[in-house]
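Written out below as structure tokens is the structure these notes cover.
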Amino acid sequence: MKNTREVNNIIINYNDFDKKKLNKIVKQFDEKWKEVALYFKNEVDYKKPVINLFNSRAGYVESTTFSYVKNELTGVYKKAKGEAFILVPTGEKDIEKISNLFVHESVHHVIDKIGKDIPEWLNEGMSLYFSKTFEDLGSFNQLELEQSIDFLRRDLPDTTFGMFARCYYHHLSVDYFHKKYGSHKMMKYIKEDFNTEELFGKSQDELNEEFAEHVIKSFEVKNNAELEIKLT
Ligand SMILES: [Zn+2]
């Protein structure tokens, strides 16, 4: 990549990108990253996150080999490379959404560098927690919730809605555990080998149950006998 820009310890590589637009993205990203930096302030030893930024599908596909992606805002953190890849098509103007995606993929980097064998719910949940994808939980209506539970039950994560449902639960679970146990314990949970008994006084199964109860109570879910919400 020809150009590099560094912002708040994060390196952005790109070939061509609208300068004005990038300035706007970086400004919002910088603002949003403060919360993340504060949360991880004692983790000084993680390497700088690297974001490879593309404005066309072709370049993104070439670098990620994700040939199925459409020409729309998307991103991925590649563990093997230790770098993030983000596609911001020329037509995408929503700076808020774009900067959230920057936060999302950069949090994956931090979690990857400081965490050990992080399960998907915690990894994805942490990224969603900081990128606030589902912050307005009220906008998720009852029908969508029931559909999402149905998807979880039938384990169809590969459809768009299935993915959406899983992400929703990942965010909800991380949000819940932060409120219940605090960020200090969550940080330990991320960093150290999982001893849930020691940290939370509960086994993994009991934590699953606790989260399932929270979902059922919060959203008055029907048919809960059939409901199996698992932190996977
Ligand atoms: Zn993610």
task = Would you calculate the separation in nanometres between label points at SER218 and LYS41, each defined as 7 Å from the Cα along the Cα-to-beta-carbon direction?
result = 2.7
note = For region 115-130, in residue order, the Karplus 3J(HN,Hα) values (coefficients 6.51, -1.76, 1.60; θ = phi - 60°; whole Hz; Gly and Pro = x) are x, 10, 6, 6, x, 4, 4, 6, 5, 5, x, 5, 5, 6, 4, 7
note = Taking Lys and Arg as +1 and Asp and Glu as -1, residues besides TRP33 with C-beta under 13 Å from its C-beta add up to +1
query = When you count, for each residue, the other Cβ atoms within 10 Å and take the mean per peptide, how do 29-35, 179-185, 13-19 rank with the highest first?
reply = 29-35, 13-19, 179-185
Spin-label proximity, ASN13 to region 80-112 - amide N less than 14 Å from point 7 Å beyond Cα toward beta carbon = 80-86
Efficiency of FRET between ASP30 and LYS93 - r from beta-carbon atoms, R0 22 angstrom, step 0.05 = 0.70
ask   = Amide H of VAL7: which non-local residues (sequence gap of 5 or more, or other chain) have their own amide H closer than 5 Å, using H built in the peptide plane?
value = ILE12
note = Whole-Hz Karplus couplings 3J(HN,Hα) for region 30-46, θ = phi - 60° and coefficients 6.51, -1.76, 1.60, Gly and Pro as x, run 4, 5, 5, 6, 4, 5, 5, 4, 5, 4, 9, 4, 8, 9, 6, 8, 7
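Computed from the coordinates by the stated procedures, all read-outs in this text should not be read as laboratory data. Quick caveat: nothing in here was measured; it's all calculated off a predicted structure. Neighbour counts run over all protein chains shown; Cβ positions are idealised from the backbone, glycine included.
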